[in-house]
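Participant: Take this structure first; my questions come after.
The values are calculated or read from the model by the stated rules, or taken from the named source; none is laboratory data. Values in this document were obtained by computation on a predicted structure and should not be read as measured data. Virtual Cβ from ideal backbone geometry, glycine too; neighbours counted across all protein chains shown.
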Amino acid sequence: MRKFWRNPLVYKEWKSVRWITLLMTLNLLLFKVLQITSRLSYIKERRLDNMYDQQVFNEQTKYWFNSILLRQWDDGILYFIGMCICIILLVIFLFKSERENATYGFLASMPFKREEMIDVKWSIGVLSIAISFFITFIFLSIFYITNIEWIQTPYNPYIIIPEWTIINMMLCIAIFSFLLFIQTLIGKNIVGGVVGSLVLVAPMGAVMIVGQIISNQFNLEYGNPLIEGFEKLSSKLDIFRIIKTNDALIDITNSTGFHFSYDYYGSYQPYMYNSYFLKIVITVVFTVIFYLLAMYAYKRNALENNGNLILFSKLEPVFKWGVSICLGLLLSAVFGMGYTDSIMVMDIFLVLGIIVGYFVSNKAIKICNNSK
């Protein structure tokens, strides 16, 4: 460990991203820890309020800690959106000096192997994510222990804190590894961050739009096996489903059969992770795959191609057609299905988007290649 920190590459990379580590930590504390503490304050106030039936209210709020920590809808997902933004910034700044010719030339002249350089970038990125989640884990644990009289432990066991921490941290590391791999293919760090983030959600969005276009083109009703197939495929391509929780299917109904209203009593539905260990294994596998791919691609980054939009010429057609098809589908969805039911309008914007996307992406590659 001491040898690791004495490495000048480690110091250089950590210095460039330590503020992002702080930003990730603040994001988790603000949108998760503070959210939980504020909800406890609300519960304490309501229990002192005589307008509520205290027995009913206590029964209804017994899962409050589980609900606020594990739910993945409404404001329960804000922390992860913030983490994704921070991870995009993380990979952008890790490759900032890498894409500057003078700095890259200086690094290339130093006795560092390519494997060591990309390994340090990955290690520092993982360390930044781990630090932010570890600090959050400590805060959540302290909160749990100091407020245990307000947390009904049979309904809110402590184990949900490490479970939430580990699965969220592992998904963030997997996303970071993927974005790191994308950066090794693109010669502009900001473009790499944007493209990588779009690739994460583009497959899911593209399948949804294609299914809708087919439905409109052939006048297929909702419930058609083909349309349902597209919907199922789209849901499977949603990377965020790894951390999504499901209702624990516990009937929160009192002995009289009265079902508690969220608006009146502040109902809290318990949640749980399905196939928890399988999801952990999946994130580990994806992390290893993208780490090895990043290592492979980075070792083959030609110094003379630094500054190109695409570092490997064989991938330029993939980039062009990827941008073209995605833009065509987007325009067709926004201006075709968004404002009219006309099949002709959808087709026109689909073709127009593909043509414009191909022209723009091709022009961007040429401009970047000639501006070095």
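Participant: Taking the range 343-366 on its own, how many of its residues are under 26 Å from GLY307 (Cα atoms) and either free of Cβ contacts under 8 Å to residues at least 12 places away in the same chain or of a type in the set (Phe, Trp, Tyr) (or both)?
Facilitator: The total comes to 4.
Participant: Sort out for me the helices (runs of 4 or more DSSP H) sitting completely within the range 152-251 that have 2 or more residues that are acidic (Asp, Glu).
Facilitator: Those helices (runs of 4 or more DSSP H) span 225-236.
Participant: Of the conditions (1) within 24 Å of the chain's Cα centre (by Cα); (2) at pLDDT 90 or above, GLY76 satisfies every one except a single condition; which number is it?
Facilitator: Single failed check for GLY76: (2).
Participant: Now for a separate question. Any residue in the range 261-281 that is at pLDDT 75 or above, of a type in the set (Lys, Arg) and surrounded by 14 or more Cβ atoms within 10 Å (Cβ to Cβ)?
Facilitator: yes
Participant: Checking MET83 against (1) at pLDDT 70 or above; (2) more than 22 Å from PHE31 (Cβ to Cβ); (3) in contact with a helix residue (DSSP H, G or I) (Cβ under 9 Å, 6 or more places away or on another chain): exactly one of these is not met. Which one?
Facilitator: (2)
Participant: Take the residues of the range 206-228 that are surrounded by 15 or more Cβ atoms within 10 Å (Cβ to Cβ) and in contact (Cβ under 8 Å) with a residue 24 or more places away in the chain: which is nearest to ILE87 (Cα to Cα)?
Facilitator: Step by step, filter the range 206-228, then rank; the result is ALA206.
Participant: Which one of the conditions (1) at pLDDT 85 or above; (2) over 20 Å from the mean Cα position of the chain (by Cα) does ILE190 fail to meet, given that it meets all the rest?
Facilitator: Going through (1) at pLDDT 85 or above; (2) over 20 Å from the mean Cα position of the chain (by Cα) one by one, ILE190 breaks only (2).
Participant: Considering the range 296-336 alone, what residues qualify as being modelled with pLDDT of 90 or more, among the hydroxyl-bearing types (Ser, Thr, Tyr) and touching a Gly at 6+ places or on another chain (Cβ under 7 Å)?
Facilitator: SER324
Participant: Is it the case, given these coordinates, that GLU221 is among the acidic types (Asp, Glu) and at pLDDT below 85? Steps first, answer last, please.
Facilitator: Values: among the acidic types (Asp, Glu): yes; at pLDDT below 85: yes.
So GLU221 fits the description; yes.
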